[in-house]
Each structure stands twice: as C-alpha cells, then as structure tokens.
Amino acid sequence: MSEGKVSKLLHENYKPSKSEYSKKQKKKCMEGYHKQKLPSQNLYEVLRYIDSHDSSMVKRMAKKSRLEHLFEQVEQEA
C-alpha cells in the first residue's frame, strides 16, 4: 500500500503434489514471490481478485486426473 492505494501485488505459484505421502499438500512451482499484474489500485478490488483467483485455482487443483481415478478403482477392488 502506498498513499491508500495498492502499489504492488506479489505471489508464489503452487501445484498439487503427486506423491502419496503429501497427497493433500501443495508444492511450490517456482521458488520465491514474483509480481502479479494489478487489476486495480483499489484494495477491495484487489482482494476480490485474489479471492476469485485462489478459489478457481483450488478447484482446478482438487480435480483428479483420469489416471488417479483408475488407481482408486483398482485399490477399491483389491
């Protein structure tokens, strides 16, 4: 924030972990924070953007691949 306006937005990229050990955890895609394009300098609009971006990312990360579904079926039948 600078003079009541958002001046910079930083974030890190994550991807879902594929290992059985950390199935529910996320893993960093790139190390460290980097700049994100600001949708606005208004704090409320920036927070809405972050919320929208994060919820869409979480939905995409929660989807299982076809292969993961097949492995689950095999495990259930065993």
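Any read-out appearing in this document is the output of simple, stated calculations on the displayed coordinates, not a laboratory observation. Please read all numbers here as calculations on a predicted model, not as lab measurements. Positions of Cβ are backbone-derived with ideal geometry, glycine not excepted, and every protein chain shown enters the neighbour counts.
Sort the following peptides by mean Cβ neighbour count (other Cβ atoms within 10 Å, averaged over residues), highest first: 45-51, 68-74.
45-51, 68-74
If R0 is 22 Å, what FRET efficiency do you get for residue 73 and residue 13 from their C-beta distance, rounded to 0.05?
0.10
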